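What follows is a short report on a single structure.
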Amino acid sequence: MAIIWLLVISSSGVLDVDGQVILDSIPSDSTILESGPNEQEETEVLSVYAQRVLNRFDKSPLLVTVLYIVILYSIVTMLTLLIIILLNRRRIQREQELKNYLLEKYQELLMDYLFYEEKQEEAFQELKWVANNRINRQILIDQMIDLSVNLKGEIREVIQVLYNRLGLKKDSLEKAYSRKWHKNVKGFRELAFMNITDANERIIKSLNSRNNILRMEAQIAMVRLSDENPYGFLDLLEKPLSLWEQVTLHEMQIQHNLRVPDFKQWFTSSNVTVVMFALQMVSWYKQRGAGKEILELFDHENEKVRYTAYKVCGQIGLKMSLQAMTRKYLEETFNNKLEILHTFAMVPDEKYLKFLKNVLDTEDDVQLQIEATKAMENTDETGI
């Protein structure tokens, strides 16, 4: 057995691993460090040191035993990890193969159930037999949801009936009431696609969750599950409605052709983000009937709400708002002044040329002067 240790050489001698001096000194006549000893002298010194280290190990069997144990433990750990990785890789591969097989099988059976009446009962019994455990049922649920996304009308209703006949609703409800948020998300999504309202109470509680993903999924589920008023959940929303959530909700309305509510009903919400979302939806759907309510928001305490209200007036061409804007102009912030002038440019009216000229003459800021000039120019020849 040969063990090589690093040497620590100091001016007082050569130190072993315990910090003790093994060679008290190097002969002065050799002047190894100062005058550069020859190779033979260095070899002799190292040989003496190595011999003393080996002798020390012979006298310290405990240290050798500890080293043996550490080396053995490292080898066993490495082999164990390697075996676990290989087994896990094989398990994942088998699961993927099973999933691919089941997907293909489920697609075939679902097609038979939906489009071949004579095969419907046989397909149902086989689906019930194949989906005999939690994993297989989850694959079937995912496949049914993917299929329902591209189907509408009666065929989609048939899928929902099959979902209930197979007892898959129980699986989704368990996920919806789970203590784990990622299972809640999956459960909400499944129930929403299958139009099952049994867990609405649980979904409503999640509308104000601290978890952004769970909160968004709860909002989407409520939109799908509320036929009369898809955006009714806005009355219960206390957390801020993020821009991403607003975009998602709007896209859902378009994609699923949901009924468009009268968004002015949320102008009085205590949630500022809900008010701004309602204003933007009024603009998108050109709900000019909300003009009076928009004007009331000119006095809202939140600057961003007032800004959005001014902007919406320009987008829907609400001329009745111009007079109120002239009264609000002087007390507004810089950004809101810019938006008011921008609205005047979008909704030109000769009656307000005097107001715009006054802005041009009294304002020192160049941007405000430019916006006033654009608004005047848009009133055709008189303004020019």
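The values are calculated or read from the model by the stated rules, or taken from the named source; none is laboratory data. Here the structure is a predicted model, which means the values were calculated and not measured. FYI the Cβ positions are ideal-geometry reconstructions off the backbone, even for glycines, and counts take in every protein chain you see.
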ask   = Only one of L173, L207 is of a type in the set (A, V, I, L, M, F, W, C) and either loosely packed, with under 13 Cβ neighbours inside 10 Å or within 24 Å of F267 (Cα to Cα) (or both); which?
value = L207
query = Quick one: is K311 assigned to a helix (DSSP H, G or I) and modelled with pLDDT of 95 or more?
reply = yes
ask   = Does S12 meet the test of being surrounded by fewer than 13 Cβ atoms within 10 Å (Cβ to Cβ) and at pLDDT 65 or above?
value = no
Count - residues of segment 210-239 that are in a helix (DSSP H, G or I) and either more than 25 Å from N271 (Cα to Cα) or among the aliphatic types (A, V, I, L, M) (or both) = 11
task = Determine, yes or no, whether I254 is at pLDDT 90 or above and either surrounded by 15 or more Cβ atoms within 10 Å (Cβ to Cβ) or farther than 20 Å from L173 by Cβ (or both).
result = no
message = Could you check segment 352-384 and list, in sequence order, the residues that are closer than 18 Å to G317 by Cα, surrounded by 12 or more Cβ atoms within 10 Å (Cβ to Cβ) and charged (D, E, K, R)?
response = E371, K374, E377
note = In the set N229, N195, the lone residue that is touching a residue at least 12 places away in the same chain (Cβ under 8 Å), on the phi > 0 side of the Ramachandran plot and surrounded by fewer than 18 Cβ atoms within 10 Å (Cβ to Cβ) is N195
note = When segment 331-351 is checked residue by residue, the ones that are part of a helix (DSSP H, G or I) and surrounded by fewer than 18 Cβ atoms within 10 Å (Cβ to Cβ) are E331, F334, N335, H342, M346, E350, K351
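Residue-by-condition table, conditions (1) more than 39 Å from the chain's Cα centre (by Cα); (2) in contact (Cβ under 8 Å) with a residue 60 or more places away in the chain; (3) more than 30 Å from M281 (Cβ to Cβ):
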| position | (1), (2), (3) |
| --- | --- |
| E293 | no, no, no |
| T308 | no, no, no |
| E331 | yes, no, no |
| F334 | no, no, no |
| V359 | yes, no, yes |
| Q369 | yes, no, yes |
| N378 | yes, no, no |
